[in-house]
Amino acid sequence: MPDSVYGPARALCDGLLARMGVETTFYDPLIGAGITSLVRTQTRVVYLESPGSYTMEIQDIPAICHAIGELAADQGLPVVRILDNTWASPVLARPFDWGVDVSVVALTKYWGGHADLLMGAVVCRDEHWTEVFDVCRQMGLCVGGDDAWLVLRGMRTLDLRFRQHEAAGVEVASWLQSRPEVARVLHPAFESHPQHALWKRDFSGANGLFSFELKPEAVPAGRPLAQALGPLCDYRRHFGIGYSWGGFESLIMPARFTRTVAGWKGGPLVRLHVGLEDPKALIADLEEGFEALSRSVRATP
Ligand SMILES: *Cc1c(COP(=O)(O)O)cnc(C)c1O
């Protein structure tokens, strides 16, 4: 599992899967073809997620899939390459061209698009289909008809919404880059993103989800991060505080995440989901947040 993986996926490995005797090795998301050094005879799955949750690393998925494929063929290992493709979804990425065997997408996000349902899709190559289908049936996984209808309806505007989220996201991110409080914006469409070239090679666009790093002096000292960032994140007119992005509305979150092998070297992170509101109104809203934050810094001894 990449060290930048979605938190609940890490919790599944450390919790339920560990109790079932399944061991997990976390790896640096930027490991590339070096992933083969971690493969053992009992390895069954290499899991990928790109960009990483909160920290937005773009993985070299074609290189990882190719290296794993060669090693697995050489040694006769049945290793399945599973990608969490929620950020891009099939709108921005073609994971089967990258060599992925199974692509997992949370339809809860942009596909539903209105923050009112929970659903996911597992899309796989033919040779894995029976296995996936049998597990779904044996675990009783099924979806409600109303939820399925909402996803089908969301799909009608999916492409349009992606383009609007991307354009508004880039506008807000560009503005953030000019703020004195912001150390850097972690947005793969920006040339300053360390893996911008990989993103450009593999993805056909971006969406409204990205993070930014604050300068330490912009954050009130001596308090837990979520509390220190209260003046920026609380009481915004347009940004709710929430995890489940991909709906029409904007969200803001002080990032909290676990790293066990490739520690986060940057400063405090805030994650934004830029929704379908007027980006000018979103910028004005964040401007008020930054003013409240700097008042709080000045008032902190
Ligand atoms: C939100 C999310 C999921 C799971 O979404 P559900 O809310 O459980 O449908 C999985 N992976 C990533 C990267 C996500 O952001």
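So which residues in segment 53-96 are at positive phi and part of a helix (DSSP H, G or I)? Working first, answer last.
From segment 53-96, those at positive phi are 54, 56, 76, 89; that's our starting set.
Residue satisfying the conditions is 89 alone.
All but one of (1) within 16 Å of the ligand (Cβ to nearest atom); (2) assigned to a loop (DSSP other than H, G, I, E, B) hold for residue 43; which doesn't?
(1)
Tell me, which strands (runs of 3 or more DSSP E) wholly within segment 201-301 include 1 or more residues that are out of contact with any His (no Cβ under 7 Å at 6 or more places or on another chain) and either open to solvent by 60 Å² or more (accessible area, probe 1.4 Å) or in contact (Cβ under 8 Å) with a residue 60 or more places away in the chain (or both)? Before you say what the answer is, go through the steps one by one.
Working: elements: 209-214, 251-254, 269-273.
Strands (runs of 3 or more DSSP E) meeting the threshold: 209-214, 269-273.
Give the number of residues within segment 218-247 that are within 18 Å of residue 208 (Cα to Cα) and either under 17 Å from the mean Cα position of the chain (by Cα) or at pLDDT below 95 (or both).
Qualifying residue count for the region: 7.
Of all residues in segment 97-126, count the ones that are within 12 Å of the ligand (Cβ to nearest atom), outside any loop (DSSP other than H, G, I, E, B) and open to solvent by less than 20 Å² (accessible area, probe 1.4 Å).
2
Check segment 133-144 and report whether any residue there is aromatic (Phe, Trp, Tyr), part of a helix (DSSP H, G or I), open to solvent by 30 Å² or more (accessible area, probe 1.4 Å) and within 22 Å of residue 45 (Cβ to Cβ).
Let us first name the residues in segment 133-144 that are aromatic (Phe, Trp, Tyr), namely 133.
Those left that are additionally part of a helix (DSSP H, G or I): 133.
Subsequent filtering for residues that are open to solvent by 30 Å² or more (accessible area, probe 1.4 Å) retains 133.
If we keep only those that are within 22 Å of residue 45 (Cβ to Cβ) too, we end up with 133.
Yes: one or more hits.
Does segment 157-172 contain any residue that is over 23 Å from residue 30 (Cβ atoms), basic (Lys, Arg) and open to solvent by less than 50 Å² (accessible area, probe 1.4 Å)?
Looking through segment 157-172, at least one residue is over 23 Å from residue 30 (Cβ atoms), basic (Lys, Arg) and open to solvent by less than 50 Å² (accessible area, probe 1.4 Å).
Which number in (1) touching a Ser or Thr at 6+ places or on another chain (Cβ under 7 Å); (2) open to solvent by 20 Å² or more (accessible area, probe 1.4 Å); (3) within 19 Å of residue 204 (Cα to Cα); (4) of a type outside the set (A, V, I, L, M) marks the one condition that residue 52 misses?
(2)
The values are calculated or read from the model by the stated rules, or taken from the named source; none is laboratory data. Note that the structure is a prediction, hence the values are computed from the model and not measured. Because the Cβ atoms are built from the backbone with ideal geometry, glycine has one as well, and the counts that use them run over all protein chains shown. Surface areas here come from the heavy atoms of the whole protein model, side chains and all, with no ligands, DNA or RNA. Shrake-Rupley method; radii C 1.70, N 1.55, O 1.52, S 1.80 Å.
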